[in-house]
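Chemist: Sharing a structure below in structure tokens format, with a few things to ask.
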Amino acid sequence: MRKFFVLEFIIFLIGLFSLIFKEYFLILFLLYMVGNALFTMIYKLDLFQVILSIFMFPYFPLIQFFILKGQTPHYVPLDFEYKPIETINPSYKTIDLAPFHVILKYGDKVQKKEAIKLILELTSKEEIDFNEGLKMIYTTISKENDQDVILYATEASNYLEKTLLRKLYESKDKNSVDYARYSYYYANSPFLEKEQKIELLNNSKKFLEDFIKKYPYNIDALTLLIKILEDLEEHEKIEKLLELKLSKIKSRELFEIAILYYLKYRKHYKVKELLKEFNSYKYTFKNESLKILLEG
């Protein structure tokens, strides 16, 4: 009888430990069940021992087992080591994002996942604007009901954050506009708090201001600096910068940047002045928005 109690107690402890040490639950639970089965087969139990065995049967571990079983995910694990899709390599400014928005809102699960995959690839290759790509993916995460699609979009978001941080790190020591551009993308991503965003934008502004002193005719740097100043709501500084640069650089790109800026803030008298000068150089608009608005 003493041996019976000792063995029964050992089996009970194994069952108890399966609840305490949940990371080893399945192993301990298996030992518990095998121990009970062997114990019942080896010993011819009397009524008291049968009642005791029933009392000490692993009910709580069984409950825990079925809880864990119920939590088993039904999605297929996602691997984002994708093969590049063959696409044209257009500027992201010419890609129509409307089909993505429609599919992500009204498509079925398969269509939404394919759209997310394509957004991921085009954004990683910077064939669409990084922040536009992230915005579409984050909107999907916040508004989608299907857990499988949410998981897919979350994985895509994590992948893009890692990609962005890698590009930021790789461009840091190159003293190029790329570093400021990736900083701008990261500042406007959903990954940062407002204070962190402002700090990063100010750092990028300082970097670009120093860069432009060395390379005063770099249009990419000027364009990016204007975007950053706009985010920081430093409009007076933008207007002074545009006036200064347009007095020295009569490029079509800079005229378009200035016209778009003044159109956005409804300074029509400035738009008229710039259009008159723009036309005097016999320029034509390359920007699609300006073509529609001002050329018809």
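Chemist: Is it the case that Gln111 is over 30 Å from Asp220 (Cα atoms), in contact (Cβ under 8 Å) with a residue 24 or more places away in the chain and surrounded by fewer than 16 Cβ atoms within 10 Å (Cβ to Cβ)?
Modeler: Working: over 30 Å from Asp220 (Cα atoms): yes; in contact (Cβ under 8 Å) with a residue 24 or more places away in the chain: no; surrounded by fewer than 16 Cβ atoms within 10 Å (Cβ to Cβ): yes.
Here the answer is no, as Gln111 does not meet what is asked.
Chemist: A further question on this structure: Which ones in the range 191-216 are in contact with a Ser or Thr (Cβ under 8 Å, 6 or more places away or on another chain) and not hydrophobic (A, V, I, L, M, F, W, C)?
Modeler: Within the range 191-216, Asn203, Ser204 meet the criteria.
Chemist: Something else: Looking only at the range 261-296, which residues are in a helix (DSSP H, G or I), closer than 23 Å to Ile228 by Cβ and modelled with pLDDT of 90 or more?
Modeler: Once the filter is applied, which keeps residues that are in a helix (DSSP H, G or I), closer than 23 Å to Ile228 by Cβ and modelled with pLDDT of 90 or more, the range 261-296 yields Tyr261, Tyr262, Leu263, Lys264, Lys270, Val271, Leu274.
Chemist: Taking the stated definitions as given, is Leu192 within 22 Å of Tyr182 (Cβ to Cβ) and assigned to a loop (DSSP other than H, G, I, E, B)?
Modeler: yes
Chemist: Looking for something free of Cβ contacts under 8 Å to residues at least 24 places away in the same chain and either within 14 Å of Thr223 (Cα to Cα) or among the polar types (S, T, N, Q) (or both) - is there at least one such residue anywhere in the range 249-258?
Modeler: Our first condition is that a residue be free of Cβ contacts under 8 Å to residues at least 24 places away in the same chain; within the range 249-258, this holds for 258.
After this cut, where a residue has to be either within 14 Å of Thr223 (Cα to Cα) or among the polar types (S, T, N, Q) (or both) as well, the list is 258.
The answer is yes, given that some residue of the range 249-258 is free of Cβ contacts under 8 Å to residues at least 24 places away in the same chain and either within 14 Å of Thr223 (Cα to Cα) or among the polar types (S, T, N, Q) (or both).
Chemist: Consider Leu165 carefully, then state whether it is in a loop (DSSP other than H, G, I, E, B), out of contact with any Cys (no Cβ under 9 Å at 6 or more places or on another chain), among the hydrophobic types (A, V, I, L, M, F, W, C) and surrounded by fewer than 18 Cβ atoms within 10 Å (Cβ to Cβ).
Modeler: Details: in a loop (DSSP other than H, G, I, E, B): no; out of contact with any Cys (no Cβ under 9 Å at 6 or more places or on another chain): yes; among the hydrophobic types (A, V, I, L, M, F, W, C): yes; surrounded by fewer than 18 Cβ atoms within 10 Å (Cβ to Cβ): yes.
No.
Chemist: Related question: Report the residue count in the range 201-211 for those that are of a type outside the set (Lys, Arg), buried (at least 18 other Cβ atoms within 10 Å of the Cβ) and out of contact with any Leu (no Cβ under 6 Å at 6 or more places or on another chain).
Modeler: 3
Chemist: I'd like the residue in the range 212-229 that is surrounded by 15 or more Cβ atoms within 10 Å (Cβ to Cβ) and among the charged types (D, E, K, R) and, out of all such residues, is farthest from the chain's Cα centre (by Cα). Reasoning before the result, please.
Modeler: First, pick out the residues of the range 212-229 that are surrounded by 15 or more Cβ atoms within 10 Å (Cβ to Cβ): 212, 218-229.
If we keep only those that are among the charged types (D, E, K, R) too, we end up with 220, 227.
Values: Asp220: 25, Lys227: 22 Å.
Among them, the one singled out is Asp220.
Chemist: Separate question: Failed condition for Ser247, given (1) of a type in the set (Gly, Ala, Ser); (2) under 26 Å from Tyr179 (Cα atoms); (3) surrounded by fewer than 14 Cβ atoms within 10 Å (Cβ to Cβ), with all others met?
Modeler: Ser247 satisfies every listed condition except (2).
Chemist: Looking at the range 208-244 only, could you name the residues that are basic (Lys, Arg) and in contact (Cβ under 8 Å) with a residue 24 or more places away in the chain?
Modeler: Lys227
Chemist: State all residues of the range 138-157 that are of a type outside the set (S, T, N, Q), farther than 20 Å from Glu121 by Cβ and either in a helix (DSSP H, G or I) or touching a strand residue (DSSP E or B) at 6+ places or on another chain (Cβ under 7 Å) (or both); if no residue qualifies, say none. Please lay out each step first, then the result.
Modeler: The initial filter retains those residues of the range 138-157 that are of a type outside the set (S, T, N, Q), namely 138, 141, 143-144, 146, 148-153, 155-156.
Cutting the leftovers down to farther than 20 Å from Glu121 by Cβ gives us 143, 146.
Correct list: Lys143 only.
The values are calculated or read from the model by the stated rules, or taken from the named source; none is laboratory data. For clarity, every value in this text was computed on a predicted model and none was experimentally measured. FYI the Cβ positions are ideal-geometry reconstructions off the backbone, even for glycines, and counts take in every protein chain you see.
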